[in-house]
Each structure stands twice: as C-alpha cells, then as structure tokens.
1. Looking only at residues in region 69-84 that are touching a helix residue (DSSP H, G or I) at 6+ places or on another chain (Cβ under 7 Å) and charged (D, E, K, R), which one is most open to solvent (accessible area, probe 1.4 Å)?
2. State which residue is most open to solvent (accessible area, probe 1.4 Å) when the search covers only region 210-232 and only residues that are part of a helix (DSSP H, G or I) and among the hydroxyl-bearing types (S, T, Y).
3. Mind telling me which of the residues A174, A160 ends up being among the aliphatic types (A, V, I, L, M) and open to solvent by 40 Å² or more (accessible area, probe 1.4 Å)?
4. When you scan region 177-209, how many residues do you find that are out of contact with any Lys or Arg (no Cβ under 8 Å at 6 or more places or on another chain), outside any loop (DSSP other than H, G, I, E, B) and within 18 Å of P224 (Cβ to Cβ)?
5. Which one is nearest to G36 (Cα to Cα) among residues in region 73-98 that are in a loop (DSSP other than H, G, I, E, B) and touching a residue at least 24 places away in the same chain (Cβ under 8 Å)?
6. Please verify whether region 88-103 includes one or more residues that are exposed (fewer than 14 other Cβ atoms within 10 Å of the Cβ), under 28 Å from S9 (Cβ atoms) and not polar (S, T, N, Q).
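The values are calculated or read from the model by the stated rules, or taken from the named source; none is laboratory data. Keep in mind it's a predicted model, so treat the numbers as computed, not measured. Reconstructed Cβ throughout: ideal geometry from the backbone, glycine too, with neighbour counts over all protein chains shown. Just the protein is used for accessible areas: all its heavy atoms, side chains included, with ligands, DNA and RNA removed. Shrake-Rupley method; radii C 1.70, N 1.55, O 1.52, S 1.80 Å.
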Amino acid sequence: MSYLNELFSLNEKVSVVTGGSRGLGKAIAKSLLNAGSKVVVVGRDRNRLEKTVNEFKNDGLSAFAYQCDVGERDEINKLFEYVSNDFGRLDVLVNNAGVTQSAPLAEYSDEVWWKTLSVDLYAPFALCRVFSPLMAKLGGGSIINITSINAERGFSDNPAYAASKGGLRQLTNALANDLASSNIRVNSVGPGYMRTDMTLKSWEDTERRSKLEDRTMLGRWGIPDDLAGITLLLASDASSYITGQHIYVDGGWLAKGM
C-alpha cells in the first residue's frame, strides 16, 4: 500500500452514518466504504435504506442497514447496542441526519420547532454521548457533524433549522474540547446549496436556481459527491491533528463579497 493510500485508509474501521440512505449521507457513506470501512447506514425509511445498502453490497462494499429515528432517545440506545454487540467498536461517527420545514414565523408551529431540533441538534449530542466511550476504549476516533451555511447565515422562514445548525456548530467546539483527552476528534462540515431531494423545490424553480448559483464563486450548485473528499480527510489519519474545525463546502458562498 502506498503512503497516500495508507494515510487515507479506513481498513478494519467501523463507521456509522445517520441519514445515510440518500443524498449527502449516501455519498458520505460510499466515500467511507470505498476507503475500506465497514459502514452502518442509518435511516428511517426501511425500503429506501435496504435499497441503498443492497446497492452498496452489489458493489462489494461492507454496508449494513439499520432502521432508526435518531430523534428518539430509545432508538439511539438500540443503535448503540447493535453497533457495540455486532461490531465491538466505532471509529467514525457522521451525524448527517436532518429535517427541515419552512413556514412564516407567525405560522411556525411548536411541533415543527421541536421535531427539527430533536433530529438536527439533540440526536448528534445523544449519539456522541453514547458512542464516545466506545471510541475512547479503543484509542479514539473521529466525529463529523454535518451543519450548513445556515450555521453562519440567516435564511428566511426556517428558524429551527438555522438554530439547530448554529447550535451544532458550537456543539462541535464543545465536544472537541471535551473529547480531546480521549483522542476523539470532532469537526463539522457545512454544505452550501446541494442538489438533493431536500432542495428539489428550489432546483426546479429556474429563477431561484440561477439566483443561488450566482451567489457562489464557482457558479454552480454542489452535488453530494462534493462531500466525499472532505469526509474521507476528516475520518482518516490524514487529519490526525485537526479538531474543533468548521469546513464549508459551499462553492465560495460564505466568502463571496460584491
């Protein structure tokens, strides 16, 4: 194995990717699988989850399906038991699962607010809490929290999503500090506008699509595979001295001026 291959290798590692059955999560899971990791792909929709994992298996990759609503504490505990009992270790945790629902502030319901925060902010906290001792027991690991440019910028009619992603950014800082002594690195990756099922409505609105493209330096929307490289970097030993960092994969959105 060459030096570079060894540096980025995840052979004999075990990873968990939440929201891994489609979109960004699917691309992230595939990146880790191709680097040699066994990957537990976590999702709520059983049919979509099994379809994705079967697709990975047909390519000879070591993927495992686990149906779970990470917004529920009991289901998180059951996920931990499955990983602990069946694999005995966890090296990489990617907190990618997320929900979003827009509405004007006066019409924004408590139900939507709490559901968004339970999946987008509580779940990463709870997953880190239960899995970090298992990581520490084996000498450390990497946690990657998927945030958003919403962690830095306010977008209209979506207060819970912005609050949860901003909170997840700061949670990353706190956990990086708390877990450093266990050699567990915690970083966040913030996608810009990515072409996924979640952004389909904006993509199909040609005027809005063009406006969003113009807001980036690179003049295009991202695609899920644009997260593959940064995920592999942060998951592997190539980033062994990187923790508490926030990396935005946004085509230059946040940095662009006039």
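1. Across region 69-84, the extreme among qualifying residues is R73.
2. Within region 210-232, the match that is most open to solvent (accessible area, probe 1.4 Å) is S210.
3. Selected residue: A174, the only one of A174, A160 that is among the aliphatic types (A, V, I, L, M) and open to solvent by 40 Å² or more (accessible area, probe 1.4 Å).
4. Summing the residues that are out of contact with any Lys or Arg (no Cβ under 8 Å at 6 or more places or on another chain), outside any loop (DSSP other than H, G, I, E, B) and within 18 Å of P224 (Cβ to Cβ) in region 177-209 gives 9.
5. Per the stated criteria, the residue is D91.
6. yes
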